[in-house]
Amino acid sequence: MSDQVKFVLDETQIPKHWYNIAADLPQPLPPVLHPGTKQPVGPADLEPLFPMALILQEVATEREIEIPEPVRDIYRMWRPSPLMRARRLEQELDTPAKIYFKYEGVSPAGSHKPNTAVPQAWFNKEAGIKRLATETGAGQWGSSLAFAGSLFGIDVTVFQVRISYDQKPYRRALMETYGARCLPSPSNETASGRAILAKSPDSPGSLGIAISEAVEMAAKDPQVKYSLGSVLNHVLLHQTVVGAEAIKQFELAGDDPDVVIGCVGGGSNFSGLACPFLGLQLRGGRKRRVIAVEPAACPTLTRGKYAYDFGDTAHLTPLVKMHTLGSTFIPPGFHAGGLRYHGMAPLVSHLSELGLIEARAYHQVACFEAGVLFARHEGIVPAPEATHAVRCAIDEALRCKRDGKAETILFNLSGHGHFDMGAYIAFFEGKLVDQDYDEGELAMALAGLPSIAA
Ligand SMILES: Cc1ncc(COP(=O)(O)O)c(C=O)c1O
């Protein structure tokens, strides 16, 4: 059917395995270091924070990791997600390119985040854990873990970055609907939060600060474990259901992407889509362009340093080698809250160092323009984070038009923006402006990177 728009798999085709790219990498990832000894950490060092099953996934080297049946059963609530062809957008752009998107906004929380929230909650439940602490930037991750917690009877506490807590009361309401407790971060509940508030009572917060608060809560209480919505290997692993489905859906479409695009905050939706395609390439398949898109106001991959750094502001986490702007860097309060993280997933950073992926940064106004154009032709209002991928896909389609190339472009539409209409209102009122980070602050944050012997 040549004019097909949706490429849909049935529930029996939900992947049975997550794909672990570590098995196919030409060079292994640099080790994770203990913050005190600066020596490689062992599984036991991570036990206060995570259940052993997730720690073992973090360091796994086998190519395929089985998805437990109860997790696949819950995935059926929204998976397989559709692969869509953006035919109306193609027409509007008058491009010879074909634009496809994998739509993750069909999940209960409205984004890709439940793909990992559900297995994380399940593995914690299997380990007898009853309480989880986490952070959230945009509110998407917090609502996803709240949703997963509600399915397994796990109490969830979410530290929501202050600016997002203020900008997005309905996300907070959604978390509370699922039964979670949601606190603005920095908060008075933790020593890390209190230390920040003492210095800057009006701090807009950051993911780095919120992570410190959640990690501190878990580290201090053996009844509580910590859960992270991005960055870590096991989180990126869980997201590979997205790319694995997309590969099957392209077989249905009789097509194959030349360019694969995802926005990057901590790197999970990008990796989820890209890694299975990169795996095909690493095992001898054809080369595609793979583009990670980040905000120009928090340009981790394009401006950060590839160095060992802490994952959080209070320096409670292990040290990981990643592209970083420095753990004390606080990005401006732009609307794509889920992209305001000072670091990048070690795996995505490694892929970038190996030359397997490209990185690109956009300012937010250009992204919202793309989001509005997309909504007016495809009907779906993208989450502010996802507008970065939309912008890049449109620019690639326009490049194809200029060069007369009929390339196939695929991007991850990682979530819908129904809880982000305040940002769209600000855009329509001309109040949404491009924000740049402070060069002096960046230099200072980079100067404070921990020194690690080579
Ligand atoms: C819709 C959406 N897309 C993308 C992201 C960025 O996160 P990641 O890079 O882990 O996919 C977020 C983070 O909250 C998000 O909510």
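The values are calculated or read from the model by the stated rules, or taken from the named source; none is laboratory data. Nothing here was measured: the structure is a model prediction, and the numbers come from that model. Here the Cβ positions follow ideal geometry from the backbone for every residue, glycine too, while neighbour counts run over all protein chains shown. The protein model used for the area step is the full one, side chains on, heavy atoms only, and it has no ligands, DNA or RNA in it. Shrake-Rupley method; radii C 1.70, N 1.55, O 1.52, S 1.80 Å.
Taking the Cα centre of the chain as origin and assigning +1 to Lys and Arg Cβ atoms and -1 to Asp and Glu Cβ atoms, the resulting dipole is close to 220 debye. With a ≥ b ≥ c taken as the square roots of the eigenvalues of the C-alpha gyration tensor of the chain, please select rounded if a/c is under 1.5 and otherwise prolate if a/b is larger than b/c or oblate if it is not? Rounded, because the longest to shortest axis ratio a/c is under 1.5. When the chain is described by a simple charge dipole with +1 on each Lys and Arg Cβ and -1 on each Asp and Glu Cβ, the residue from Thr302, Ala138, Val118 located farthest towards its positive end is Val118.
For the range 272-314, a crude dipole built from +1 on the beta carbon of Lys and Arg and -1 on the beta carbon of Asp and Glu, taken about the Cα centre, is about 460 debye to the nearest 20.
Share of the range 148-259's accessible area from carbon and sulfur, percent, 1.4 Å? On the range 148-259, the fraction of accessible area on carbon and sulfur atoms equals 53 percent.
Projecting the Cα atoms of Pro31, Asn20, Leu9 onto the dipole axis of the range 1-86, where Lys and Arg carry +1 and Asp and Glu carry -1 at the beta carbon, places Leu9 farthest toward the positive end. The C-alpha atoms of the chain define a longest principal axis, and helix 268-282 lies at about 60 degrees to it. Partner lysines whose Cα lies under 23 Å from the Cα of Lys321, excluding those fewer than 8 positions away in the same chain, are identified as Lys38, Lys305.
Whenever you get a sec, compute what percent of the accessible area on the range 1-52 sits on carbon and sulfur atoms (1.4 Å probe). The C+S portion of the solvent-accessible surface of the range 1-52 is 56 percent.
When the Cα positions of Thr313, Ile196, Pro43 are compared along the charge dipole of the chain, Pro43 comes out farthest toward the positive end, with charges on each C-beta of Lys, Arg, Asp and Glu. Compared with the dominant principal axis of the Cα atoms in the chain, helix 364-378 is inclined by about 50°. Taking a point 7 Å out from the Cα of Tyr170 in the direction of its Cβ, the residues of the range 128-149 whose backbone N falls within less than 17 Å of it are 138-144.
Heavy-atom accessible surface of Glu64, to the nearest 10 Å², is about 110 Å², with a 1.4 Å probe and all protein chains retained. Rounded, prolate or oblate for the range 352-454? Axes are the square roots of the Cα gyration tensor eigenvalues, ordered a ≥ b ≥ c, and the cut-off for rounded is a/c under 1.5. Verdict is oblate for the range 352-454.
Partner lysines whose Cα lies under 25 Å from the Cα of Lys431, excluding those fewer than 8 positions away in the same chain, are identified as Lys168.
Rolling a 1.4 Å probe across the protein heavy atoms gives the range 194-298 an accessible surface of 29 Å² per residue.
Computed over protein heavy atoms with a 1.4 Å probe, the carbon and sulfur contribution to the accessible area of the range 348-449 reaches 53%. Rolling a 1.4 Å probe over the protein heavy atoms gives the range 1-124 an accessible area of 45 Å² per residue.
In straight-distance terms, cross-link reach from Lys113 covers every one of the lysines whose alpha-carbon lies under 17 Å from its own, apart from those fewer than eight places away in the same chain; here that gives Lys102. Only Lys, Arg, Asp and Glu carry charge here, each on its Cβ (+1 for the first two, -1 for the last two); on that basis the range 234-296 has a dipole of about 240 debye about its Cα centre. Under 5 Å between amide hydrogens, built in the peptide plane, is the criterion, and for Ala359 it picks out Ala292 among residues at least 5 positions away or on other chains. Probing with 1.4 Å while keeping every protein chain in the model, the per residue accessible area of the range 321-361 equals 22 Å².
Beta bridges per DSSP, both residues in the chain: antiparallel share near 35 percent. Take each peptide in 42-51, 100-109, count the other Cβ atoms within 10 Å of every residue, and average; sorted highest first, the result is 100-109, 42-51.
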